[in-house]
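Below you'll find the structure, written out as structure tokens, and then a few comments.
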Amino acid sequence: MSLWRDIRGTILPFWVTLRYLFRRPVTVCYPERKQTPAPRYRGRLVLTRDPDGEERCVACHLCSAACPVDCISMQAAEREDGRRHAAWFRINFSRCIFCGLCTEACPTLALQMTSEYELASRELLQVIYEKDELLIDGCGKNDGYNFYRLAGIGVAAPRGSNPGETPPVDFRSNLP
Amino acid sequence: MPTLIIDNQTVTVPEGTNVLEAAKRLGIEIPHFCHHEALGSVGACRLCAVEFREGPVKGIQMSCMVPAKDGMVVDTGSAEVLAYRAQVIEWLMTNHPHDCPVCDEGGECQLQDMTVAGGHGIRRYTGPKRTYQNQNLGPFIAHEMNRCIQCYRCVRTYQDYCGGTDFGVLGSRQRLYFGRFSDGPLESPFAGNLIDVCPTGVLTDKTYRFKSRIWDLQEAPSICPHCSLGCAVTPGARYRQLQRRRARTNNRTNGHFICDRGRFGYGYANHPDRPRYPLLGHRRVTWQEALAALQNKLQELGELFGPGSIGLLTSSRATLETQFLTKRWAAALGSDQLCFEAHPGRDLGARVAASQRLDRTASLEDVRNCDLAVLIGADPLSEAPMLALALRQAARRGARIVVVDPRPVELPLAYERHAVSVEKLGQLLRGLSRPQQSEFPSSMEELGGSLASALLAAKSPLLIGGTDLLGPQGTEAMQQAAEACSQPETPCRTMFLLAGPNSFGGALLSAEGPCFSSLLEGMEQGRIKALLCFEADPLADYPDRKRSRAALARLDMLAVFDCAATATLQEADLFFPTTAVEESTGTLINNEGRMQAFEQVFSAGTPLAESAGGSHPPRFFSRDIPGSEPQSAWGILGALMGRSADLLTLRSEIEKNDHRFAGLSQLEARGEGRRIAAPRQYSLSHQPNISGIMGSDQLQLLVTETLYGSELLSNLSSCLHESTPSAFVMLHPQDAARFKLEEGKKVLLGTPVGDLTLTLRIAGDMVPGMAIVPRLRGTVLEPLVPGTEPLPCRIEKA
Ligand code: SF4
Ligand code: SF4
Ligand code: SF4
Ligand code: SF4
Ligand code: FES
């Protein structure tokens, strides 16, 4: 019995090799030819803008808290009109494991993953991205969402004039 | 002592404890909003529901409203209870905005925690949400009313606990509004506590706005360094910047709250002008160079003029460890020219205060529980703000509070007020120390007699004195008065307000040592050639600045070790940067002799916000941290003496060396601190009373502390500047009429430091014949230092 198994075990690999000699290769000649990853591929992160063209990120620190390898850092600041935004925002892609937890945590849908995967570099600082390199000019995958129109803060539109809000109460009135 | 069963565990609690607190003793946290240990229960939020299975009450009840009783069987997590709580949370969330990402409370928000704990995740209510307009509540507190859950904690804190009147609840039904009637800064000096008590993000710290999240902050238990009470605080730092202070709980001292000076006075650690590297002359040098220069100079002076030519000075800002090592080093150098406070009056005052019997010394807890407090020459809001809050709690329980003071003392409570001149305060105290003989001066007979009998009759009477106004003699007189007004079962305790957070430690260590006047004499005569100042500022703190400036100018070497850009630093030949309280560990002894350890919050360094200029952190790799050169003063002293810089060894040594510090090495920063084991040996050598007799129409000038602007470190905090008054002088209406002066107008005040142009304020509740000015650093009033005898002055129209 075992003799038969040994013979089969010796011949089969040669047969497989022989078969693949006449198949088309699955590898591509990277970098001359590039693969198009799937739409939900988890590649380099970007910061998107809301439909009004404003930065979506409010520097809430949720992505940096969610990140298991601590590669996001930022400082929040306040704009004249009360909008909270990131004074600076840094992602260290040499540490990032592309797990996507940050994008799941992001309440404003600012942080999104793209299909860009070409991040290798000999220069470490080249993969440390600052806000100006992360920020893109569009909404990315979610084009309708504007956090400030839903937050009641009165930044995108005056208080009480966003959908689903009543006008500010007049606490001086005792009428019903 | 009822015994009850909560979640199958048995617990026995004191009579009157509610079920919520009883459960806490077992480590069971029942979700709640409106209950607060310091504020009590009101049963408003309905979140703390539990099920009572057996006992006097049955069914679902609010655990905060039901006192624990024998035989109760309580289930805190039955299915019905959980469903009830989930409902309550869902109601609370119907109007809550969707703005946690831009809310500073996020991460430390009780509403977030309770929503998660209550299991409410998906919103079912689809109707519109209520919105509000916010108010500008001044420089300290940001307001975002949309987030309110109507728990009333803020009103109960502001109005009931702190005695503020300008913030409250307005409106009705669905329109409840927690704010002021109109925009404007909150008036109470305890307003910052709203930040801690509001369980949501309605009231947050404006100075900390958008700076961090709690999970990114470095925090550690610390002590407030801005007055002698030593309140427990939790500072938070990030990116080398001290970003906020919160109150920490210590039931013996501050309880749950702190004052706004303590909360917002943290800016000194980040001050852009803070000197962060060693200086030789005005040249930046390395630590090695600076230390070598110091050692060489000391050796040279020692050889030429003997060890007595070296003077050493620390201050009430220095930690016990620093003070102790300074003393050790003085001994090693062979110098006896060592002093622990640059202000002789304050030095002697603290020495007397520290000799009070420990069982006669009151803590803030004793103040909260007293039934009669007589304040003589003490202005709590200026000298020790949290004392005012403690007195208010006593008054709320029905205590009688009597204030005898030449100044217009304000307190957030109902109290009796007697305007009495400075000399008469001493006479009153001397009279009180012989209550039976009623030896009061004629004008004081009625007041003195009634106070003496009230003190003798009260259950827990208290005498509170400010050492600045009383001076060493007055402080001693108050101790004698307390002794005389004590009954065997009802001892009369005292509390003395001292100059700084560790005045007491200096007073204990100073023994019979010289005070700074005699060091100055030595400098003037050329006996003392070098002065080493450890976190001391003799130029600004010695009452006669001309004299101290001239004496310091005669020195061969002035070496300064400090964390702030003080006046003395400008004159220094050698400078060594030391750490701020938050950047190191140490021990401070507060005004009742409580040793309190504090831990390091963060490591010294120029804040990233400053070194990166608002932009992102630098894009290069380096091990050097900008501005990280400051070292703890005791660490530097250890290095100078060639000892190991281990805190625990040092503390054990202090403890072994001096039995009064017993227990120091076991002191935990998180605990309640520990009273010293024994008071100072009593020793006031009687000096002649130097108050000159002044003509009756001669105006006397009294310099006092103020809430903001007097204390060195908090005055470096820029967020307090908006609340700091501009230079003014106060007069009694009679005197104003006598000199034909008008309120609000500029007047010229002739003082020993020159003619000052000030704005006049008229105060009806002060004594006539006196002009009162606050000590305000950075103004024309800066050279005037409190804690001296009244000065002669004149006043006229500017
Ligand atoms: S993808 Fe993962 S590792 Fe990368 S930044 Fe986001 S959370 Fe961090
Ligand atoms: S979670 Fe989103 S909004 Fe918040 S800081 Fe990160 S990117 Fe900005
Ligand atoms: S402002 Fe804060 S403390 Fe006051 S009622 Fe609203 S949630 Fe409660
Ligand atoms: S009372 Fe004194 S120790 Fe307490 S917080 Fe205020 S300044 Fe600090
Ligand atoms: S804590 Fe008991 S009802 Fe609010």
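Scan region B:616-627 for residues that are within 13 Å of chain A (Cβ to nearest Cβ) and exposed (fewer than 14 other Cβ atoms within 10 Å of the Cβ) and jot them down.
B:Pro618, B:Arg619, B:Phe620, B:Phe621, B:Ser622
Only residues that are away from ligand 1 (no atom under 13 Å from the Cβ) and open to solvent by 40 Å² or more (accessible area, probe 1.4 Å): list them for region A:54-84, please.
Selection gives A:Glu54, A:Glu55, A:Glu78, A:Arg79, A:Glu80, A:Asp81.
Determine whether region B:302-314 contains at least one residue that is closer than 19 Å to B:Glu535 by Cβ, open to solvent by 20 Å² or more (accessible area, probe 1.4 Å) and either touching a residue at least 40 places away in the same chain (Cβ under 8 Å) or not small (Gly, Ala, Ser) (or both).
Among the residues of region B:302-314, not one is closer than 19 Å to B:Glu535 by Cβ, open to solvent by 20 Å² or more (accessible area, probe 1.4 Å) and either touching a residue at least 40 places away in the same chain (Cβ under 8 Å) or not small (Gly, Ala, Ser) (or both), which makes the answer no.
Being more than 24 Å from B:Glu51 (Cα to Cα) and of a type in the set (Lys, Arg) is the filter; apply it to region B:81-138 and report the residue that is most open to solvent (accessible area, probe 1.4 Å).
B:Arg124
Out of all the residues in region B:738-751, which are assigned to a loop (DSSP other than H, G, I, E, B) and either surrounded by 15 or more Cβ atoms within 10 Å (Cβ to Cβ) or not assigned by TED's automatic domain parsing to the domain that holds B:Pro792 (or both)?
Narrowing region B:738-751 to residues assigned to a loop (DSSP other than H, G, I, E, B): B:739-745.
Those that are assigned to a loop (DSSP other than H, G, I, E, B) and either surrounded by 15 or more Cβ atoms within 10 Å (Cβ to Cβ) or not assigned by TED's automatic domain parsing to the domain that holds B:Pro792 (or both): B:Phe739, B:Leu741.
Since B:Ser611 meets every condition but one in (1) among the polar types (S, T, N, Q); (2) away from chain A (no Cβ under 14 Å); (3) closer than 22 Å to B:His271 by Cβ, which condition does it not meet?
Condition (2) is where B:Ser611 drops out.
Could you check how many residues of region B:141-160 are away from chain A (no Cβ under 14 Å) and near ligand 3 (Cβ under 6 Å from one of its atoms)?
Number satisfying all stated conditions: 5.
Go through region B:363-384 residue by residue and tally those that are surrounded by fewer than 24 Cβ atoms within 10 Å (Cβ to Cβ) and either in a helix (DSSP H, G or I) or among the charged types (D, E, K, R) (or both).
Counting residues in region B:363-384 that are surrounded by fewer than 24 Cβ atoms within 10 Å (Cβ to Cβ) and either in a helix (DSSP H, G or I) or among the charged types (D, E, K, R) (or both) gives 5.
Do you know which residues across region B:529-541 are within 23 Å of B:Arg274 (Cβ to Cβ) and either in a strand (DSSP E or B) or in contact (Cβ under 8 Å) with a residue 40 or more places away in the chain (or both)?
B:Leu531, B:Leu532, B:Cys533, B:Phe534, B:Glu535, B:Ala536, B:Asp537, B:Pro538, B:Ala540, B:Asp541
Please go through region A:143-176 and pick out each residue that is acidic (Asp, Glu) and more than 8 Å from chain B (Cβ to nearest Cβ).
A:Asp143, the sole residue that qualifies.
Testing A:Ala105 on (1) among the aliphatic types (A, V, I, L, M); (2) within 11 Å of chain B (Cβ to nearest Cβ); (3) more than 12 Å from the chain's Cα centre (by Cα), one condition comes back false. Which one is that?
Here A:Ala105 meets the rest and fails (3).
Quick check on my filter: what residues within region A:152-164 are touching a Pro at 6+ places or on another chain (Cβ under 6 Å) and open to solvent by less than 40 Å² (accessible area, probe 1.4 Å)?
A:Gly152, A:Arg159, A:Gly160
On the given criteria, is B:Gln150 more than 30 Å from B:Leu720 (Cβ to Cβ) and under 32 Å from the mean Cα position of the chain (by Cα)?
Yes; evaluated as a whole, the condition is true for this residue.
Just a yes or no: is a residue in region B:243-266 under 30 Å from B:Cys154 (Cα atoms) and away from ligand 4 (no atom under 16 Å from the Cβ)?
Here is the first cut: in region B:243-266, the ones under 30 Å from B:Cys154 (Cα atoms) are B:243-266.
Next cut, away from ligand 4 (no atom under 16 Å from the Cβ) only: B:243.
Checked region B:243-266: at least one residue is under 30 Å from B:Cys154 (Cα atoms) and away from ligand 4 (no atom under 16 Å from the Cβ).
Can you tell me which residue in region B:176-196 is surrounded by the fewest Cβ atoms within 10 Å (Cβ to Cβ), limited to those that are among the small types (Gly, Ala, Ser) and either within 14 Å of chain A (Cβ to nearest Cβ) or more than 16 Å from the chain's Cα centre (by Cα) (or both)? Walk me through how you get there before you give the answer.
Applying the first criterion (among the small types (Gly, Ala, Ser)) to region B:176-196 yields B:179, B:182, B:184, B:188, B:191-192.
Checking the rest, the ones that are also either within 14 Å of chain A (Cβ to nearest Cβ) or more than 16 Å from the chain's Cα centre (by Cα) (or both) come to B:179, B:182, B:184.
Numbers: B:Gly179: 25, B:Ser182: 8, B:Gly184: 12.
If we take residues in region B:176-196 being among the small types (Gly, Ala, Ser) and either within 14 Å of chain A (Cβ to nearest Cβ) or more than 16 Å from the chain's Cα centre (by Cα) (or both), then B:Ser182 is surrounded by the fewest Cβ atoms within 10 Å (Cβ to Cβ).
Quick one: B:Arg357 ticks every box in (1) open to solvent by 40 Å² or more (accessible area, probe 1.4 Å); (2) within 26 Å of B:Ser665 (Cα to Cα); (3) at pLDDT 95 or above; (4) over 23 Å from the mean Cα position of the chain (by Cα) except a single one, so which number is it?
The single condition B:Arg357 does not satisfy is (3).
If we scan region B:446-460, do we find a residue that is under 27 Å from the mean Cα position of the chain (by Cα) and under 20 Å from B:Thr788 (Cα atoms)?
No, because not a single residue in region B:446-460 is under 27 Å from the mean Cα position of the chain (by Cα) and under 20 Å from B:Thr788 (Cα atoms).
Any idea which of (1) crowded, with 20+ Cβ neighbours inside 10 Å; (2) of a type in the set (Lys, Arg); (3) assigned by TED's automatic domain parsing to the domain that holds B:Asn8 is the one B:Arg147 doesn't satisfy?
For B:Arg147, the failing item is (3).
Of (1) more than 13 Å from chain A (Cβ to nearest Cβ); (2) closer than 29 Å to B:Leu413 by Cβ, B:Val169 satisfies all except one. Which?
For B:Val169, the failing item is (1).
Can you tell me which residue is nearest to the other protein chains (Cβ to nearest Cβ) among those in region B:103-137 that are touching a residue at least 24 places away in the same chain (Cβ under 8 Å) and of a type in the set (A, V, I, L, M, F, W, C)?
Taking the candidates together, the pick is B:Cys103.
Among the candidates B:Ser442, B:Ser510, which residue alone is among the polar types (S, T, N, Q), surrounded by fewer than 19 Cβ atoms within 10 Å (Cβ to Cβ) and modelled with pLDDT under 95?
When all the criteria are applied, what remains is B:Ser442.
Could you go through region B:81-99 and let me know if any residue there is at pLDDT 95 or above and either within 13 Å of chain A (Cβ to nearest Cβ) or at positive phi (or both).
No, there is no match, as no residue in region B:81-99 is at pLDDT 95 or above and either within 13 Å of chain A (Cβ to nearest Cβ) or at positive phi (or both).
Which of (1) touching a residue at least 60 places away in the same chain (Cβ under 8 Å); (2) closer than 24 Å to B:Ile636 by Cα is the odd one out, the single condition B:His282 does not satisfy?
(1)
Is it true that B:Ala645 is at pLDDT below 95 and under 28 Å from B:Glu289 (Cα atoms)?
When the stated conditions are applied, B:Ala645 passes them.
Can B:Pro577 be described as within 14 Å of chain A (Cβ to nearest Cβ), more than 21 Å from the chain's Cα centre (by Cα), open to solvent by less than 20 Å² (accessible area, probe 1.4 Å) and at pLDDT 95 or above?
Spelling it out, it is not the case that B:Pro577 is within 14 Å of chain A (Cβ to nearest Cβ), more than 21 Å from the chain's Cα centre (by Cα), open to solvent by less than 20 Å² (accessible area, probe 1.4 Å) and at pLDDT 95 or above.
Tell me, which strands (runs of 3 or more DSSP E) wholly within region B:1-80 include 1 or more residues that are crowded, with 20+ Cβ neighbours inside 10 Å and small (Gly, Ala, Ser)?
Strands (runs of 3 or more DSSP E) meeting the threshold: B:49-54.
Quick one: would you say B:Ser78 is among the polar types (S, T, N, Q), in contact with a helix residue (DSSP H, G or I) (Cβ under 7 Å, 6 or more places away or on another chain) and either more than 16 Å from ligand 3 (Cβ to nearest atom) or in contact (Cβ under 8 Å) with a residue 60 or more places away in the chain (or both)?
Taking the combined requirement at face value, the residue does not satisfy it.
If I ask for residues that are surrounded by fewer than 19 Cβ atoms within 10 Å (Cβ to Cβ) and within 9 Å of chain B (Cβ to nearest Cβ), which ones from region A:108-127 would you list?
If the condition is that a residue be surrounded by fewer than 19 Cβ atoms within 10 Å (Cβ to Cβ) and within 9 Å of chain B (Cβ to nearest Cβ), then A:Leu124, A:Leu125 are the ones that fit.
Would region B:209-226 turn up any residue that is closer than 23 Å to B:Glu37 by Cα, open to solvent by 10 Å² or more (accessible area, probe 1.4 Å) and within 14 Å of chain A (Cβ to nearest Cβ)?
yes
The values are calculated or read from the model by the stated rules, or taken from the named source; none is laboratory data. In this text, all values refer to a predicted model and were calculated from it rather than measured experimentally. Using ideal geometry, Cβ is built from the backbone for each residue, glycine included, and neighbour counts are taken over all protein chains shown. Just so you know, the surface numbers come from the protein's heavy atoms only, side chains and all, with ligands and any DNA or RNA stripped out. Shrake-Rupley method; radii C 1.70, N 1.55, O 1.52, S 1.80 Å.
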